[in-house]
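Coordinate-derived values only; no laboratory data. Since the model is a prediction, treat every value here as computed from it, not as a measurement. Positions of Cβ are backbone-derived with ideal geometry, glycine not excepted, and every protein chain shown enters the neighbour counts.
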Amino acid sequence: MPFDDKLELFYWVDRDNKVLGSVKRGKAHKDKSIIHRSIFVVIVDSKNKVLFQKRSKYKDTFPEYWTVSASGHVTYSESYKQAAKKEMREELGIDLDLRLVGKKLIDTKVEQEYSAIYKAKFRDSEIKFDKTEVVEVKWVSINKLSEFIEKNKVTPSCRKVLVFMGWIEKGEVR
């Protein structure tokens, strides 16, 4: 979805991911106590490189920060997997098979999200990213992730996903 719609409805959940109702994007992003659902897709190629995207200046949270391959919120009435597939198509113009790595409550200074984290293997396909969503994409070797996050503005959620994947140490999360 180009440009973030403040009226878009998200799942409002508790710390155990039990649905409490729905909440508008604008309210969820203004009130850190409201936990809402999100997804992260980590795409890895055959050379063990991870695809990162730089978020556009139009994003309502962390504009122009780097994050994992695709990310987004779960719209009220859709599943985690549907949201992950949608975000890959919208942000990168690709459709890959997804494997659920796990679910985790991700708490940052800005928001709390109950997140499903997926991994996908990259097949040789053209990445056609939506410039209202993504400014740039970059492949980073797994063994160079610490260096990449040290030198670039990376979203707090991205850092926590990389820890969850076991690719960086918890101490590297700021």
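Under 6 Å between Cβ atoms, which residue pairs at least 6 apart in sequence (or on different chains) link something in segment 86-112 that is closer than 18 Å to residue 122 by Cβ with a partner that is assigned to a loop (DSSP other than H, G, I, E, B) and of a type in the set (Lys, Arg)? Taking only residues 6 or more apart or on different chains, the pairs are 93/128. Evaluation of residue 95 against the conditions (1) touching a strand residue (DSSP E or B) at 6+ places or on another chain (Cβ under 8 Å); (2) among the acidic types (Asp, Glu); (3) more than 23 Å from residue 7 (Cα to Cα) shows that the sole unmet condition is (1).
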